[in-house]
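Sharing a structure below in structure tokens format, with a few things to ask.
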Amino acid sequence: QSALTQPASVSASPGQSITISCTGTSSDIGGYTFVSWYQHHPGKAPKLLLYDVSRRPSGVSDRFSGSQSGNTASLGISGLQAEDEADYYCCSYTRSSATLVVFGGGTKLTVL
Amino acid sequence: QVQLVESGGGLVKPGGSLRLSCATSGFTFSDYYMSWLRQAPGKGLEWLSYIDSTGSAISHADSVKGRFTISRDNANNSLYLQMNGLRAEDTAVYYCARRLRGYYFDYWGQGSLVTVSA
């Protein structure tokens with residue numbers, strides 16, 4: 001069981017917008033602003049989409065956005081495109097001494 | 001462009017050992033911290049270990065501490081993960097990743113599958 005909780009799946013049509021939530025605790029998401037999001041097309045290398053909650057690396061589309069409130073972080077994707085169909089993982093620094101960061105279980109985005 | 005390519009995965013019996021390698025190119029390897037992460041079948045991602053740019057500081061997750069060891073060879077732009085005492089629950093795709101800063105990983109390899117089974 002992953003430390004951070006994400007919905008298993010979400011679906012929407014091209015052009016629509018979606019939000020993926022990621023819920024943790026005060027020991028991770030709620031205690032820091034070190035949240036990141038990764039996009040993973042199976043069989044390929046995961047890709048960093050957002051870091052520091054809402055900052056985009058160079059080359060990442062501004063259709064991707066991030067926010068955080070309390071123990072929950074969110075990834076927003078606007079203007080859905082077919083190539084956005086992928087698995088999305090949230091990640092946060094954790095106060096736990098057992099690991100450096102914790103991940104969510106992943107959300108499968110289907111573009112209908 | 002930045003490339004990371006893992007190798008060395010395969011089928012191993014419980015209790016066995018395996019050494020993963022990650023060949024890198026397209027950036028100054030010796031300037032970056034590096035990490036290993038994995039994804040077990042049907043599960044989320046899990047961070048395993050990091051090593052600083054010179055190899056003098058390392059850290060491992062409790063789940064692999066004492067069994068796995070990360071190392072690097074800056075002369076050959078390569079990262080390694082020595083895995084001993086493998087268990088069935090270590091079955092996963094293993095990824096090497098470059099650490100952007102702090103707690104973020106900006107480039108990843110495509111992964112190497114490790115299967116632990118009798």
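Calculate log10 I(q)/I(0) of the range A:31-85 for q = 0.13, 0.16, 0.18 Å⁻¹, where I(q) comes from the Debye formula with a single equal point scatterer on each Cα and nothing for solvent.
-0.33, -0.49, -0.61
Within a 10 angstrom radius of the beta carbon, how do A:R56, B:R67 rank from fewest other beta carbons to most?
Details: A:R56 18, B:R67 15.
Final ranking by Cβ density, sparse to dense: B:R67, A:R56.
Between B:Q82 and B:K13, what is the label-point separation in nm under the 7 Å Cα-to-beta-carbon projection?
Each label point lies 7 Å from its Cα, and together they span 2.2 nm.
Please identify the cysteines of chain A that lack any partner cysteine with a Cβ under 4.7 Å from their own Cβ.
Isolated Cys, chain A: A:C91.
Ok, one more. What length, rounded to one decimal in nm, is gained on full extension from A:V60 through to A:T33, with 0.36 nm per residue of separation minus their alpha-carbon distance? Don't jump to the answer; show the numbers that get you there.
Details: separation 27, 0.36 × 27 = 9.72 nm, distance 1.98 nm.
Computed gain between A:V60 and A:T33 is 7.7 nm.
Right, here's the next one. Report the calculated FRET efficiency for A:T110 and A:S67 (r = Cβ-Cβ distance, R0 = 25 Å), to the nearest 0.05. Each step should come with its number before you reach the end.
Numbers: r = 23 Å, r/R0 = 0.91.
The value I calculate is 0.65.
Pick from B:S56, B:S25, B:S71 the residue whose mean-square fluctuation is largest in a GNM of chain B, springs joining Cα atoms under 10 Å.
Largest GNM mean-square fluctuation: B:S56.
What spacing in nm lies between the two simple spin-label points modelled at A:T19 and A:E85, each 7 Å away from Cα in the Cβ direction?
About 2.6 nm separates the two model spin labels.
For B:D90, A:D62, what ranking results if the residue with the fewest other Cβ atoms within 10 Å of its Cβ goes first? Don't jump to the answer; show the numbers that get you there.
Working: B:D90 22, A:D62 8.
Fewest-to-most ranking of B:D90, A:D62: A:D62, B:D90.
Which lysines does A:K108 reach when only Cα atoms under 19 Å apart count, and residues fewer than 8 places away in its own chain are ignored?
Those lysines meeting the cut-off are A:K44, A:K47, B:K43.
Please state, to two decimals, what the Cα-based radius of gyration of the protein assembly as shown comes to when divided by 2.2 N^0.38 Å (N = residues).
Working: Rg = 17.2 Å, N = 230, 2.2 N^0.38 = 17.4 Å.
Scaled against compact globular proteins, the figure is 0.99.
Among B:W108, B:W36, what is the fewest-to-most ranking by other Cβ atoms within 10 Å? Let's see the in-between values first.
On the way: B:W108 24, B:W36 27.
The most exposed by this proxy come first: B:W108, B:W36.
Hey, another quick one. Shape call for the range B:40-118 from the C-alpha gyration tensor, a ≥ b ≥ c root eigenvalues: rounded (a/c under 1.5), prolate (a/b greater than b/c) or oblate?
Numbers: a/c = 1.73, a/b = 1.45, b/c = 1.20.
Prolate, because a/c is 1.5 or more and a/b exceeds b/c.
What percentage of all Cα-Cα pairs in chain A are separated by more than 24 Å? Mind showing how you got there, number by number?
On the way: 1147 of 6216 pairs.
The proportion of pairs with Cα distances above 24 Å equals 18 percent.
Out of residues 5 or more away from B:T91 or on other chains, whose amide H comes under 5 Å of its own, with H placed 1.01 Å from N in the peptide plane?
B:V116
Read-outs: derived from the displayed coordinates by stated rules, not from any lab. Keep in mind that this is a model prediction, so the values were computed, not measured. Because the Cβ atoms are built from the backbone with ideal geometry, glycine has one as well, and the counts that use them run over all protein chains shown.
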